[in-house]
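Participant: Structure in structure tokens, see below.
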Amino acid sequence: MGAWLAEAPRAAYVALMHPFSYHPVDPGAVYEQWGSDTRVRTGRSLPKDAQTATELYADVFDSAMSRAERDALLASATQTWSWRDVQAGLLSVGERKVRLASQEVTTEVHGDLATVRIHDVWRNQGFDREEILLAFDLPDSAAITGLWMGPDPDVAEAFAYIVAPRGAAQEVYESEVQRRVDPALLESVGPRQYRLRAFPVEPRDSSYDSLYHFGDEGPDLHVWMELVVPVVDGVVATPVLDEARNAFWDGSEARTVDGWTVASDTWVSPVAAAASTPRQPHEAVVSGFRVTAEPARATPKPLGRVDVVIDGSASMRFHREDLAAALRALDGEEARIWCVREGSLQVCDDFDPATAVFWGHASVAEQIAYQPWTRDALVVLTDPGSYELVGDLNDRLTRDDLPPLWLVHLGGFPSAYPDWTLDRITQSGGGIAASVDELRERMADPTLVDGWRFTVEPAGEAPSTASSPFDAIAARAAIRSLAREQQGADLRHLDALHALAVENHVVSPWSSMIVLVDQAQKDRLKEASEADDRFEREGIDQEGFTDVSATPEPGTWLLLVLGGGLLAGTARRQQDGA
């Protein structure tokens, strides 16, 4: 009898709202929701319709629903009777889960180079263990040289990085997160793009079911990152944030730069150097290669005989004016224009950005992989794209013999590239640019990077040079140069590039830094690092929604009835008094 009375309000509500409620197309099939980028099941389930809707949305609009419809999802997350579900929805969709509690940045400037160490302290706002993800850019010449993580504020007590093949590092990171064990991962995901992931940031000392005690923030998680960067016009080139998932800052955090208190509305602010030093020549011998960097200026030249492919995906419709400007900038070049019409790539001498139809989702790689390119270079006019929708291209695309591949991004750079695309850019001797003018400069001399012209040659019997911050930049330059010697996934060639990264303690397109906390994890990493797929990574998913119920619980119904009765009684007494 008691159970029936408890369920009666719910049944009445469902019957009353039935004509106005959404009815699943496939109510029987459900899937377990993945936690944000952790491949960890959260224990909640959603109708199959939610998964289908996100896939169809991406196929049509070329964007992740959680990004393109963020405002609508945040609004819908509040349409529930439960304050706890509102909180969970705002944490999940709004991704305000882990707060930056403090940040300490220290710099050592060496003329036109600087060594930077960033120490972040993160605290969880929610009731579940969380992962943070930070995607950021650095100058092409920069090098990341260290990563540490731990619960204590002393870096000497923290767990230190291991440089491992990118596929093996990701595989072990994912498996350890599933086991709920602490790892951190720092990867190169583009010519200048990087991605930092750390797990777990421990939850509050309360629980989701605690109605009256919200609890304190979770315990501190300390993360340190070290890098060597150029100093440009008196400014130390600190990381430029592309995307933060689960991580946020609200101005309440304590920030210092070289001991001085600062304020910032982004993850890491640029740092002013004490003096502006012009570009200086540098030389280093690393792993048997002599690397020199001579100051130089870019001299734009005509592009030559190039094929120019216009990305035909739906998101390009937002960049018609930028695309028109890019095509005008190509006037006078020996460029053959390709576009997507009726689902196929073809030469388009009469292409008009104002009337062109951009539709659906197809990655740049899938649009260019099957055409027999015969010109000196391949240029793609595209936008930031939707990396998280691409999936694993290496399983579908096997072509390696591309001419130098250059991507011109209209409207900003992506936060990451699929490995197939990244490998083709790096190994073909191509690159990325923000405009056709920048493309002319970079194609004129691909060895010119951030104001230096790099030369890499065997050192022979030459003695090693004195250790300096330039060593890390030299190692990155050597890897970049050697990568162009052979396209494709030849393991011996990739192992040689990886060995250079390991010896010089740097992150590279094929070598990641992973932080592990016990010997069992290290044994798994050793095993994965010997597998044939040690350099093969999987894509990570962007989508994830919180399951929020709009139906009040029976206890909430009782509070609503009592509250309604009190309001009605108060109103009646006021009327009688009048």
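The values are calculated or read from the model by the stated rules, or taken from the named source; none is laboratory data. Computed from a prediction, not measured in an experiment: that's the story for all the values here. Cβ placement follows ideal geometry from the backbone for every residue including glycine, while neighbour counts extend to all protein chains displayed. We work out accessible area using only protein heavy atoms, side chains counted, and drop any ligands, DNA or RNA first. Shrake-Rupley method; radii C 1.70, N 1.55, O 1.52, S 1.80 Å.
Participant: Do you know which residues across the stretch 260-279 are in contact (Cβ under 8 Å) with a residue 12 or more places away in the chain and either of a type in the set (A, V, I, L, M) or open to solvent by 70 Å² or more (accessible area, probe 1.4 Å) (or both)?
Facilitator: Result: 263, 265, 268, 270, 271, 272, 273, 274, 275, 276, 278.
Participant: Within the stretch 338-356, work out how many residues are part of a strand (DSSP E or B) and touching a residue at least 40 places away in the same chain (Cβ under 8 Å).
Facilitator: So the count comes out to 0.
Residues checked against (1) touching a Cys at 6+ places or on another chain (Cβ under 8 Å); (2) part of a loop (DSSP other than H, G, I, E, B); (3) hydrophobic (A, V, I, L, M, F, W, C); (4) over 13 Å from residue 528 (Cα atoms):
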| site | (1), (2), (3), (4) |
| --- | --- |
| 140 | no, yes, no, yes |
| 146 | no, no, no, yes |
| 153 | no, yes, no, yes |
| 160 | no, no, yes, yes |
| 170 | no, no, no, no |
| 174 | no, no, no, no |
| 180 | no, yes, no, yes |
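Conditions tested, residue by residue: (1) at pLDDT 95 or above; (2) open to solvent by less than 10 Å² (accessible area, probe 1.4 Å); (3) assigned to a strand (DSSP E or B).
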position	(1), (2), (3)
420	no, yes, no
426	no, no, no
453	yes, no, yes
466	no, no, no
475	yes, yes, no
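Participant: Does the stretch 118-138 include one or more residues that are on the phi > 0 side of the Ramachandran plot and open to solvent by less than 50 Å² (accessible area, probe 1.4 Å)?
Facilitator: Looking through the stretch 118-138, none of the residues is on the phi > 0 side of the Ramachandran plot and open to solvent by less than 50 Å² (accessible area, probe 1.4 Å).
Participant: For the condition in a loop (DSSP other than H, G, I, E, B), modelled with pLDDT of 90 or more and charged (D, E, K, R), what is the one hit in 533, 495, 523, 547?
Facilitator: Unique residue meeting the criteria: 533.
Participant: Out of the residues in the stretch 239-259 that are touching a strand residue (DSSP E or B) at 6+ places or on another chain (Cβ under 6 Å) and among the polar types (S, T, N, Q), which is surrounded by the most Cβ atoms within 10 Å (Cβ to Cβ)?
Facilitator: Across the stretch 239-259, the extreme among qualifying residues is 246.
Participant: Right, something else. Please state which one of 277, 292 is among the β-branched types (Val, Ile, Thr) and in contact with a His (Cβ under 8 Å, 6 or more places away or on another chain).
Facilitator: Matching residue, one of 277, 292: 292.
Participant: Applying the selection to the stretch 291-337, what residues are open to solvent by 50 Å² or more (accessible area, probe 1.4 Å), touching a residue at least 40 places away in the same chain (Cβ under 8 Å) and more than 31 Å from the chain's Cα centre (by Cα)?
Facilitator: Listed by number, the residues that qualify are 294, 295, 297, 299, 300, 301, 302, 305.
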